[in-house]
Amino acid sequence: MARANDEIAALFREYADLISITGGDAFRARVYEKAARAIGGHHTDVSTLDAKGLKEIPGVGRSIAEKVEEYLASGGVAAVEELRARIPAGVRRLTAIPSLGPRKALMLYEELGISSVDELADAIHEERLRDLKGFGPRTEENLLHGIDLLRSAGGRVHIDVAAELAEEVVAALSEVGGVQRCAYAGSLRRGRETIGDIDVLVAARTSGPVTKAFTELPYVTEVIGSGEKKTSVRTDRGLSVDLRVVPKDSWGAAMLYFTGSKAHNIKIRERAVHQKLKLSEYGLFDAESGKKIVSRTEEDVYARLGLPWIAPTLREDRGEIEAGLDGGLPEPVTEADLRGDLHTHTDLTDGLAALEDMVAAATERGYAYYAITDHAPDLYMQRMTDERMLAQREQVRALKPSRGMRLLHGVELNIGPDGGVDWPDDFLADFDLCVASVHSHFTQDRETLTRRLVRACENPYVNIIGHPTTRLIGKRPGIDADLDEVFAACARTGTALEINAHPDRLDLGDEHILRARRHGVRFAIDSDAHAVPHLAHMRYGVATAQRGWLTKDDVINTWTLTRLKRFLRKGRA
DNA sequence: GCCGTTTTCGGCCCGACTGTTTTCAGTCG
């Protein structure tokens, strides 16, 4: 079951949409969206808070706190039910169609009784929209096209897919004559785990040549819109790309603006307004005279607003602006800080590359240490045996990697349904480190799953809980355990939580990291590489760790080998 | 409906593009 926070966040998002659709006060709708975000991201389970505690959540005042309490007590909120009774769920669904917003959705419902995507498609084909004010032939076309897009459900893609496309676009546009700077911004620059579209920013004196080159890129399938400053296209990768062209002098303000997030932007703009300034993608201006003050770099803009430069991965309005003001902004861990990888596989189990090849690739990455952690026997299909594992250990001990890199012989244990692992203590004692992960029985009840993970933490030889929630982004939800109890057990027992860097997992994710961090847990950012190219996934794990506000000191594989080994002893005699 | 380094009332981020309009509303990010 989801946390009450998530259920209430979804409810308030729906309420905000319903307010917009019914033509309610736009500011009120925004307040509920804001409260939904704040509650969804709040570290404490709201069902444990009283009215006072609720009102300490930013954006939650008396009325919203009362609605939260009403929901917790009765499972519903009367004000939301009332709007639900007036507006069928299908009308809200209509606003998912690109180019169709709340105003037109309401008009379609009130004038024509349309309350589903299918009904809208029929109405367009029957030419019933022709008499509606504001609906011309192009609008009909756009709606039909939007319905196609919605039905083919492009949706969001994993970060690695977006990064690859963005880097291709940036490389191509950087070659165009007159392009002075080119970079991607948006949620990709912020390192979000999934990406809805790509924002590319170009600094150039004129936009003509770069816009033409952009719309003619081989993977562009459709030009959605194109003007002097902004052009949007769809690509054959299922992603749209927006191009913005700005003068070079505006680069910093534009990067800031197009990196977002929306909530971060709103907050710094509010801050600008309070200082009698106006912030746009073109710069920071004096509100009265309209005179430009700064715009060249992000640092300049932040500094004029009294803030240090804030890393893009932190720009989610999760307290980074307040922290920047009082000097409490963390210095985020970087990929360069990593001294090693503590969870990797070889072809002895389900990896694709031989031990020597994985090790050689790891030395190329400049690591000081590197752990081989193939699967243990309880994953039967991996055909692991004691003998095979011991033979691998001999092989590892005999290898002399270049550049002085040290090898650790470890294992990825399977956490069984009762929390036990593959081998008894005396066999485990001879590994340099043990990762332990859940690979099956995902649907046990919450109490069993919680006990199972806590018991694994309490094993004196388990150093790292691998991909702790076992989610697969977009495919499988995480297991339903009491994660706060698991995080507390990790902190108590000296067990690290993994941030699995594989773009399909990114597990723990940013919000869980933020919660775990409050328990004083340590983390390991691991590639879980099953092949040489997977070693490079680390960048996504690092971005996720940054989004969880982790510093170098929080992450055990940034430590020296001496310090790491002390941690791996886990307080054993 | 929230909130306060002008405020307990009156604000609430800003601009580009499209389509249907003769001056602007809606949508998007």
Round to the nearest 10 and give me the degree value, 0 to 90, for the angle of helix A:262-274's Cα axis relative to the longest principal axis of chain A.
-> 60
Local net charge near A:Val68, Cβ-Cβ under 12 Å (Lys/Arg +1, Asp/Glu -1) = -3
Evaluate the charge dipole of chain A about its Cα centre and quote only its size in Debye, nearest 20, assuming +1 on the Cβ of each Lys and Arg and -1 on the Cβ of each Asp and Glu.
-> 1860
Compute the acute angle (0 to 90°) between the alpha-carbon long axis of helix A:446-458 and the principal axis of greatest extent of the alpha-carbon atoms of chain A; round to the nearest 10°.
-> 40
Add +1 for every Lys or Arg and -1 for every Asp or Glu among the other residues with Cβ under 11 Å from the Cβ of A:Leu483, and state the total.
-> -3
Rounded to the nearest 5, what % of the DSSP beta bridges within region A:191-300 are antiparallel ones?
-> 70
When Rg is the radius of gyration of the Cα atoms in region A:335-568 and Rh is its Kirkwood radius, what does Rg/Rh come to?
-> 0.93
Cut-off 19 Å, label 7 Å out along Cα→Cβ of A:Thr560, residues of region A:328-352 by amide N = A:337-341
Rounded to a whole number, the Stokes-Einstein D of chain A in µm²/s (Kirkwood radius over Cα pairs; 20 °C; 1.002 mPa s) is 81
Where chain A is the region considered: accessible area per residue in Å², 1.4 Å probe | 45
Measuring from label point to label point, each 7 Å out along Cα→Cβ, what is the A:Leu352 to A:Ala78 span in nm?
-> 6.0
Please turn the phi angles of region A:384-393 into ³J(HN,Hα) values with the Karplus equation 6.51 cos²θ - 1.76 cosθ + 1.60 (θ = phi - 60°), one per residue in order, whole Hz, x for glycine and proline.
-> 7, 9, 4, 5, 4, 5, 5, 5, 4, 4
Cα gyration tensor of region A:250-325 diagonalised, 5x eigenvalues square-rooted, in angstrom largest first, produces semi-axes 18, 13, 10
How much accessible area does A:Ser74 have with a 1.4 Å probe, in Å² rounded to the nearest 10?
-> 80
Applying 1/(1 + (r/R0)^6) with R0 = 41 Å to the Cβ-Cβ distance of A:Thr297 and A:Arg28, what FRET efficiency is obtained, to the nearest 0.05?
-> 0.65
Amide H of A:Phe442: which non-local residues (sequence gap of 5 or more, or other chain) have their own amide H closer than 5 Å, using H built in the peptide plane?
-> none
What angle do you read, to the nearest 10 degrees and between 0 and 90, between the alpha-carbon axis of helix A:4-21 and the longest principal axis of chain A?
-> 20
By accessible area (1.4 Å), largest first, A:Phe214, A:Phe427, A:Phe442 order as A:Phe442, A:Phe427, A:Phe214
Convex hull (Cα only) mean projected area of region A:157-246, reported in nm² to one decimal | 4.9
Using just the helices of chain A, give the 222 nm mean residue ellipticity in deg cm²/dmol: DSSP H runs with n ≥ 4 each add -39,500 (n - 2.57), and the total is spread over all residues, rounded to 500.
-> -12500 deg cm²/dmol
If we restrict to alpha carbons, what Rg and Dmax does region A:91-151 come to, in Å?
-> 9.9, 26
For region A:362-493, compute Rh as the Kirkwood radius over C-alpha pairs and then the Stokes-Einstein diffusion coefficient at 4 °C and 1.567 mPa s; write the answer in µm²/s, rounded to an integer.
-> 81
³J(HN,Hα) across region A:499-505 via Karplus (A = 6.51, B = -1.76, C = 1.60, θ = phi - 60°), whole Hz, x for Gly/Pro?
-> 10, 6, 7, 4, x, 7, 10
So, with points 7 Å from each Cα along the Cβ direction, the A:Ser226-A:Thr334 label distance in nm works out to 3.9
If you keep only loop residues by DSSP, which GluC sites (Glu not before Pro) in region A:258-311 have at most 15 other Cβ atoms within 10 Å of their Cβ?
-> A:Glu288
Share of carbon and sulfur in the accessible heavy-atom surface of region A:335-568 [1.4 Å probe, %] | 49
In angstroms, what radius of gyration and Dmax does region A:433-532 have, counting Cα atoms only?
-> 12.4, 38
What is the local net charge at A:Gly520, summed over the other residues whose Cβ is closer than 11 Å to its Cβ (Lys, Arg +1; Asp, Glu -1)?
-> +3
What is the Cα centroid distance between region A:412-473 and region A:293-365, reported in whole angstrom?
-> 28
Other-chain or far-sequence residues with amide H under 5 Å of A:Asp45's (modelled H) = none
Normalising by the residue count of chain A, find the relative contact order in percent from Cα pairs under 8 Å and 6+ residues apart.
-> 9
Could you tell me the distance between the Cα centroids of region A:505-573 and region A:1-60, to the nearest Å?
-> 31
Counting only residues 5 or more places away or on other chains, whose amide H sits under 5 Å from the amide H of A:Ile525 once H atoms are built in the peptide plane?
-> A:Ile499, A:Ile556, A:Asn557
When DSSP assigns beta bridges and you keep just the ones with both residues in region A:335-568, what percent turn out antiparallel, to the nearest 5?
-> 10
Output ³J(HN,Hα) for region A:114-119: one whole-Hz value per residue in order, computed from phi by the Karplus curve 6.51 cos²θ - 1.76 cosθ + 1.60 with θ = phi - 60°, and x for Gly and Pro.
-> 7, 9, 7, 5, 4, 4
Among region A:114-133, those whose backbone N falls under 14 Å of a label point 7 Å along Cα→Cβ from A:Arg103 are A:133
Pick out, in residue order, every one of the trypsin sites (Lys or Arg not before Pro) in region A:269-353 that is DSSP loop and has at most 12 other C-beta atoms within 10 Å; say none if there are none.
-> A:Lys276, A:Lys291
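The values are calculated or read from the model by the stated rules, or taken from the named source; none is laboratory data. Computed from a predicted model, the values in this text were never measured in an experiment. Note: ideal-geometry Cβ built from the backbone for every residue, glycine included; neighbour counts use all protein chains shown. Side chains are part of the model used for accessible areas, which takes the heavy atoms of the whole protein and leaves out ligands, DNA and RNA. Shrake-Rupley method; radii C 1.70, N 1.55, O 1.52, S 1.80 Å.
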